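First, the structure itself, so that you have it in front of you.
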Amino acid sequence: MSHANEAFRLTAAPPPVPRVPRFPLRRRIFSIAGWTTTALALILLTAAMLGILEMVFVRGIGALVPATFTTITQGTGGGLLNAIEGTFVLSFGALLLAVPFGMAAGIYISEYRNGWWAKTIRLLADVLVGVPSIVVGYVGYVTMVDWLGWNFSVAAGAISLAVMSLPYICRTTEMALQQVPGDLREAAFALGAGESQVIFRICLPAALRAILTGILLALAVSVGETAPLLYTAGWSNYLWDGKMTHSPVGYLTYAIWTFISEPFASAHQLAYAAAFLVMALVLLVHLAARLVFDRHRR
Amino acid sequence: MRQTRREGVLPKVKRSGWTTRRWQGLIVAVCCATILQAGAARAATTPVRVLETGSTLLYPLFNIWVPDYMKTHPGVQITTQGTGSGTGIAQASSGIAQIGASDAYMSSAQLKRSPGILNIPLAISSQMVNYNLPGFNHKHLKLSGPVIAGIYSGKIRYWDDAALKSMNPDMKLPHKAIIPVHRSDGSGDTFIFTQFLAFSTPSWANGTGYGTSVSWPPVEGEIGGVGNPGMISALKGSPYSLAYVGISYKKAIEADGLGEAMLQNRDGHFVLANAKTVGAAVLATAAKTPKDERISLIFAPGAESYPIINYEYAIVNKKQPSPEMAKALRELLAWSIHPDGGSAQKYMDAVGFVPLPAPIRSLSAEQIALIK
Amino acid sequence: MKFKTGLAAIAGVLPASLVAIVLFLTVYSWPAIRFNGFHFLVSNHWNLGNLYADPVTVAGTQVAPGAHYGILFLIVGTLLTTLVALLIALPVGVGAAIFLAEAVPGRLRLWLSFLVELLAAVPSVVFGLWGYVVVIPFLGQHLFPFLSRIFGFVPFFAGPSGSGYGLLTSGFVLSLMIVPLIVATLRDAMVSQPPAIREAVTALGATRFEVVAKVILPSLFRVLVGATILAVGRALGETMAVLMVSGNALNYLPHNIYAPISTMAAFIVSQLDSAMQDPTGMAVRSLAEIALMLSLLSLLINFLARLVLAIENRSARHATIV
């Protein structure tokens, strides 16, 4: 970052600024056209995001009342306490499962990056990203909910979510470790450190913030998932009873997906309140990630 | 361990090392604490817990029933899920859910696979055929099964087709292509709509047939919408479109200024869906209803009968795991069909349903008594 | 060495979960694979059959009468939406990344990047909702008729512009979902380019844009391909949003870029409920076969992308550039 900033300053204001344009017209046009199109691209994306935020927040803010946070869903009305709790339980449950395995995979493919096993893991991680969430959900339904007889449950939901977030955690861990300068590793080895020491004492601490960013982003992804949960976590109007299996649990995205389809205005309010909460949560998580990463860069 | 990249900032190794562990510990501790504490807080009493899942048409009704029912029955916890009729049947059969909601009765082949499953009608729903035909939305266009079948199979392409004009001689229909809209998710709405087309139009019966998802013939410009709201927004967003929408969405249709067609019934009369025409159709088929109540009400005879109506079923296993569960289910279902309980006018009006007539109600009550 | 083995084993959970899913799908859909044969991939006819009649026996297997499972239109639809999404996301993503990295000053850059990356975290359902509340009315009634008039001479752009539900809309919504991956990766890589190159090329008399377009961007080819692979993966598997805006064509191929379309992932969701009503179970198993094919497709695309990288690597080594 610091290098880049220097570079930026250098190119932005080269010391002796010539006031007369010295480039031929054709190249100037190419330049101007280039900057214009790239600016337009950025404007398009920003506008789309602002449009989505506007839709969700304008409709959602009116739907939010204190009861949303204090009461459970009652039919087409009530609050979303059950869904808020469920979203937290499922997402953190998924993280607890996915972080150790995802990070292990990420560490492995970063530190032993040229072996066949590392290449295989990297390839399969990229393929796993492409497995549609509904498929993960349905496989979870047939295996865990039906065959194992767990019924709709936190366990089935969290495991399905964990499988979805594994590749993201793995790949961000890998990228974070790749940013750690090789000199560090070489120095540590030269001092007689073993592989595990180098990884756990040197590389991971150095890459920690970037990894944490990745984990937070994976958290944001699982907060926003619907399809893998419909058939595994089910949905419940009640607060979670603490059982891992045999009791369904609510979550916010279900409220969006289902209540928006109901014929009642009160249900739509719940749906938009849920959309607002999901977006707000995702935004907060992203902000947190950004802050973590920022401090890392300084 | 070969490393090639060398850019980046030199971290302060030792201090970060401490932070690592502190961070790790903190995250793990917070997660564990959240989960354990949230769980432990309420592992106290266990009421009877009923899971209802299935039809998204019946789901709104269950959603307004449940809060009121629980006020007088504190011993049960009822969770409702809107997933789809097929899911409702499958999960009630496998025991994952106690009540499967379905817009269609189970087929004989399905019953053979899961004997002991009851199909209990709880209420009667109907379906509108709606359109967005600028200038004509406040009038009620007249349509018949064969004409709609012609539109959905691509044989009738324009609003000023001769078949449509002869049915609506007083309207100057525009020469615009018709955009047929259908549900792309599996749906009871599709089931009753295609059944209407199949029962009224032999060529549709032999071709596309009926089901919760059918192989729609490809038609230029057609749209597949998701859920009733998807259908309504497709209608609203596309002038000259035609769609079928559950009666529960009548208010939304009116609010959006969309048209509702009069449909030709078996006796040749054009009727709109209301309590009278729907009631007439139920009574016309009531005498023929078998003890297991698996019967289609589509395209019923009678001068006043509305042609697209159906029973909304609760799919329930006769044999429940515990007597408490069986009792809870019997009470809930009995309440739901009772005129002073779930079938009271205020509930029915909210979703546009019609309560079961007395003879059918007693058939349902007999089936409910079988739950043990 | 023991540490490495242990780590390798724990790391194995990730590939194991994919293998488990694929294995499960294979076993589960095996009766369907045998029943459908090769026809599955090349036939354009999907029909669950009459689920209310008694099952019939076809080739020794019980199925619903009239049942036929062919998914060519889904394969084409999936590939086309992904392609359209990429064709939009790549230039837009590269453009936005360039502008972010080169022209936006520090603080603002942070916030704009944040906004763009937030696109990746918008729940699919919210995207779908936004798609049909905001995007479709605009595209269907204003942009598409305009495009069809102006670009009517381009084969795929001609013809009726439809209602807004369709290939181009799905591609557009999908592109927004995958573009943050491209922007974030590329921007980070551009920012961390060694300044020496920049200085050298500037000294040789290049404009700032020329530095970016002709020197920096080409050197990031590998990074771009890497980000694109992940983006393609996400696009292939995206479900809810596509389901809500694609128009869900059944059994036919799109004749132009505005026409309705279906993708494999969205189709599985939309058919699952009805398939569960099939007493023979063949419908659900055929859906599992679609999921299996989708996983294989994803694998194939990943292989191809890696092949591209390998070839590029070799030619790069020949052309002795830095």
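Where a number appears in this text, it was derived from the coordinates with a stated rule and is not lab data. Keep in mind that this is a model prediction, so the values were computed, not measured. Reconstructed Cβ throughout: ideal geometry from the backbone, glycine too, with neighbour counts over all protein chains shown.
222 nm [θ] for chain C, helices only, -39500 (n - 2.57) per DSSP H run of 4+, per residue, to 500?
The helix contribution divided over chain C gives -20500 deg cm²/dmol.
Oh, and also: Given axes a ≥ b ≥ c from the Cα gyration tensor, I'd like to know whether segment C:1-126 is rounded (a/c under 1.5), prolate (a/b larger than b/c) or oblate.
oblate
Among B:Glu331, A:Glu174, B:Glu222, rank each residue by its count of other Cβ atoms within 10 Å, from fewest to most, as a rough exposure measure.
Ascending Cβ contact count within 10 Å gives the list B:Glu331, A:Glu174, B:Glu222.
If you don't mind, another one. Would you look at the GNM of chain A, springs on alpha carbons closer than 10 Å, and say which of A:Asn82, A:Asn114, A:Asn151 moves the most?
A:Asn114
By its C-alpha gyration tensor, with a ≥ b ≥ c as the square roots of the eigenvalues, how is chain B shaped: rounded for a/c under 1.5, else prolate for a/b larger than b/c, else oblate?
oblate
Related question: Rounded if a/c is under 1.5, else prolate if a/b is larger than b/c, else oblate: which is segment C:216-322, with a ≥ b ≥ c the root eigenvalues of its Cα gyration tensor?
prolate
Let me ask something else about it. Given N residues in segment C:2-63, what is its alpha carbon radius of gyration divided by 2.2 N^0.38 Å?
Taking N as the residue count of segment C:2-63, the ratio is 1.83.
Something else now. Could you work out which residue, out of C:Gly140, C:Gly205, C:Gly49, moves most in a Gaussian network model of chain C, that is, has the largest mean-square fluctuation with Cα springs under 10 Å?
Ranking C:Gly140, C:Gly205, C:Gly49 by mean-square fluctuation puts C:Gly205 first.
Still on this structure, I have one more. What average count of beta carbons from other chains do you get within 10 Å of the Cβ of residues in C:131-142?
So the per-residue partner count for this stretch is 3.
Once you average over the residues of B:97-104, how many Cβ atoms of partner chains fall within 10 Å of each Cβ?
Partner Cβ neighbours, averaged per residue: 1.
What average count of beta carbons from other chains do you get within 10 Å of the Cβ of residues in C:167-177?
Mean number of neighbouring Cβ atoms from other chains: 1.
Projected onto the charge dipole of the protein assembly as shown (+1 at Lys/Arg Cβ, -1 at Asp/Glu Cβ, origin at the Cα centre), which of A:Ala105, A:Gly182, C:His255 gives the Cα projection farthest towards the positive end?
Highest projection toward the positive end goes to A:Gly182.
How would you order C:283-289, C:26-32, B:51-57 from highest to lowest mean count of nearby Cβ atoms within 10 Å?
Taking the mean over residues of other Cβ atoms within 10 Å, the ranking is B:51-57, C:283-289, C:26-32.
What area, in nm² and to one decimal, does the C-alpha convex hull of segment B:126-288 cast on average over all directions?
If you wrap the Cα atoms of segment B:126-288 in a convex hull and average its projections, you get 9.1 nm².
Please give the charge dipole size of chain B, origin at the Cα centre, charges +1 on K and R Cβ atoms and -1 on D and E Cβ atoms. Round to the nearest 20 debye.
1900 debye
Set Lys and Arg Cβ to +1 and Asp and Glu Cβ to -1, take the dipole of chain C about its Cα centre, and tell me which of C:Pro91, C:Val284, C:Met240 lies farthest positive.
Sorting the options by dipole projection puts first C:Pro91.
How would you rank B:His182, A:His286, going from fewest to most other Cβ atoms within 10 Å of each one's own Cβ? Intermediate values should be presented prior to the final figure.
Working: B:His182 25, A:His286 21.
Ascending number of Cβ neighbours within 10 Å: A:His286, B:His182.
Taking the dipole about the Cα centre of the protein assembly as shown, with the C-beta of Lys and Arg at +1 and of Asp and Glu at -1, give me whichever of A:Cys170, C:Val13, C:Val191 is farthest to the positive side.
So the residue we want is C:Val191.
Next up: Most exposed first by the Cβ proxy, i.e. fewest other Cβ within 10 Å, how do B:Asp340, B:Asp349, A:Asp241 rank? Intermediate values should be presented prior to the final figure.
Details: B:Asp340 7, B:Asp349 11, A:Asp241 19.
Listed from fewest to most nearby Cβ atoms, that is B:Asp340, B:Asp349, A:Asp241.
Given N residues in segment C:72-275, what is Rg(Cα) / (2.2 N^0.38 Å)?
On the way: Rg = 19.0 Å, N = 204, 2.2 N^0.38 = 16.6 Å.
Against the compact-globule rule of thumb, the ratio is 1.15.
Holding the Cα-Cα limit at 24 Å, pick out from B:Lys176/B:Lys236; B:Lys142/B:Lys346; B:Lys236/B:Lys276; B:Lys251/B:Lys276; B:Lys250/B:Lys346 the pairs that are longer than that.
B:Lys142/B:Lys346; B:Lys236/B:Lys276
Please compute the modelled spin-label separation between B:Lys71 and C:Leu110, points set 7 Å along Cα→Cβ, answer in nm with one decimal.
My value for the distance between the label points is 5.3 nm.
May I ask you to derive the FRET efficiency for C:Val223 and B:Ala255 from their Cβ-Cβ distance with R0 = 41 Å, giving the value to the nearest 0.05?
For C:Val223 and B:Ala255, the calculated efficiency is 0.20.
Something else: Compute, for the protein assembly as shown, the length of the dipole vector about the Cα centre, with Cβ point charges of +1 (Lys, Arg) and -1 (Asp, Glu) only. Units Debye, rounded to 20.
3140 debye
Follow-up question, since we're still on this one. Between B:Val278, B:Val316, B:Val76, which gets the highest mean-square fluctuation from a Gaussian network model of chain B, Cα cutoff 10 Å?
Maximum among the listed residues: B:Val76.
Sorted by average packing, counted as other Cβ atoms within 10 angstrom per residue and highest first, what order do A:140-149, C:188-197 take?
Numbers: A:140-149: 18.5, C:188-197: 17.0.
The densest-packed peptide leads the list: A:140-149, C:188-197.
Can you give the alpha-carbon Rg of chain A over 2.2 N^0.38 Å, where N counts its residues?
1.25
What's the magnitude of the charge dipole for chain C around its Cα centre, counting Lys and Arg as +1 and Asp and Glu as -1 at the beta-carbon? Answer in Debye, nearest 20.
Numbers: 16 positive and 11 negative charges, 195 e Å.
The dipole magnitude comes to about 940 debye.
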